[in-house]
Amino acid sequence: MSGTPPHVWLMYLAGGIVLAAGLLASWRDLRDAPPADKVIALGPLFFAIPLAVFGTQHFVQTGPIMGLMPPWIPAHLFFVLLVGACLIAAGLSIATRIQSALAAFLVAVMFVCFEALMIIPGVVADPRNRFSWILVFREFTFCAGVLSIAAAQASTWSDRARNAARTFARLELGVALVFFAVQQFLYPAHVPGVPLELVTPTWIPGHSLWSYVAGAVYLLAGLCLLANRRVRAAATWAGAMLLILMVAVYLPILVAKPLDMEAIDYFFDTLLYSGSVLAVAGIQSQAAAVRGTISTAA
């Protein structure tokens, strides 16, 4: 979805409001945390900002988004606006930590619905399309990330449910990173991070090199996650790599075309993926802290 629809500035405004609200809500935790923990702690906020941006997009680009829905779903306009409003509300909730566990769980359910209703049918219709498979792993990582946020912040979840969410997130992210690593090595001309259709502009310094660097980090991190070794560090490396890619690749693209919908989509989509990966690191970090407390008590 490219081009410049009217009122695109509302998307930036929504993201800015959620950013400000999230920083105010988490300032004390961020101020006293070590540098690596600061990055992990920002994961939910990095996830929340794109939710608000894409939620606003449902109101700014209603027609094109309606066109993405399966024809058998009724009341396209109603559901597009409803999902948009829910995304904005969820972004604010996660950023401010007000009913954030419930909001995060409902967003996870939403991503599962997206997979079942739109993305997996696309893979079944054209299983040789590699971009369809990338979308499958991307959406499942979004689901793993926001489920990690829910599990980390919910006070009513049982240990069994929390451990199940943690295991799912670790395994899903591990498989996704290994798959993306292979894609980065095979198709280095395409943008790094989430290797979709966009080709990295040649004016980006080291444009193809970033794909190889990201692929190497992804492969190492993915294998660590699958082997259940240095899980927190592995997820943190992958999340940090995505943040570096945002500064080195996606931010220059956005600055060059700040009103272009494709540039906006890729920038905030990568931020959403980074937030998901860091959220997985966060719940693994929480598990390590619990094990350390138990060992100390023993």
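Consider region 1-20 and keep the residues that are in a loop (DSSP other than H, G, I, E, B) and open to solvent by less than 50 Å² (accessible area, probe 1.4 Å). The one that is modelled with the lowest pLDDT is Gly3.
Checked across region 187-199, the condition of being surrounded by fewer than 23 Cβ atoms within 10 Å (Cβ to Cβ), over 20 Å from the mean Cα position of the chain (by Cα) and of a type in the set (Val, Ile, Thr) holds for at least one residue.
The condition (being among the basic types (Lys, Arg) and in contact with a Cys (Cβ under 9 Å, 6 or more places away or on another chain)) is satisfied by just one residue among Arg166, Arg230, Arg162, Arg170: Arg230.
Which residue out of Ala234, Ala152, Ala161 is at pLDDT 95 or above and either assigned to a helix (DSSP H, G or I) or open to solvent by 10 Å² or more (accessible area, probe 1.4 Å) (or both)? Of the residues listed, the single one that is at pLDDT 95 or above and either assigned to a helix (DSSP H, G or I) or open to solvent by 10 Å² or more (accessible area, probe 1.4 Å) (or both) is Ala234.
Tallying residues that are assigned to a helix (DSSP H, G or I), open to solvent by 30 Å² or more (accessible area, probe 1.4 Å) and either among the basic types (Lys, Arg) or free of Cβ contacts under 8 Å to residues at least 40 places away in the same chain (or both) within region 81-101 yields 6. Among the residues of region 266-289, those that are open to solvent by 10 Å² or more (accessible area, probe 1.4 Å) and either closer than 20 Å to Thr202 by Cα or touching a strand residue (DSSP E or B) at 6+ places or on another chain (Cβ under 6 Å) (or both) comprise Tyr266, Phe267. Restricting Leu51, Leu45, Leu23, Leu30 to those that are at negative phi and open to solvent by 30 Å² or more (accessible area, probe 1.4 Å) reduces the list to Leu23. Does region 119-140 include one or more residues that are touching a residue at least 60 places away in the same chain (Cβ under 8 Å), more than 17 Å from Arg232 (Cβ to Cβ) and in contact with a Leu (Cβ under 7 Å, 6 or more places away or on another chain)? Yes, the conditions are met somewhere in region 119-140. Within the set Ala116, Ala165, Ala181, Ala176, the sole residue that is touching a residue at least 40 places away in the same chain (Cβ under 8 Å), under 21 Å from the mean Cα position of the chain (by Cα) and over 24 Å from Val249 (Cα atoms) turns out to be Ala165.
The values are calculated or read from the model by the stated rules, or taken from the named source; none is laboratory data. Note that the coordinates shown come from a computational prediction; the quantities given were computed from them, not determined experimentally. Positions of Cβ are backbone-derived with ideal geometry, glycine not excepted, and every protein chain shown enters the neighbour counts. When the accessible area is computed, the model is the full protein with side chains, heavy atoms only, and any ligands, DNA or RNA have been set aside. Shrake-Rupley method; radii C 1.70, N 1.55, O 1.52, S 1.80 Å.
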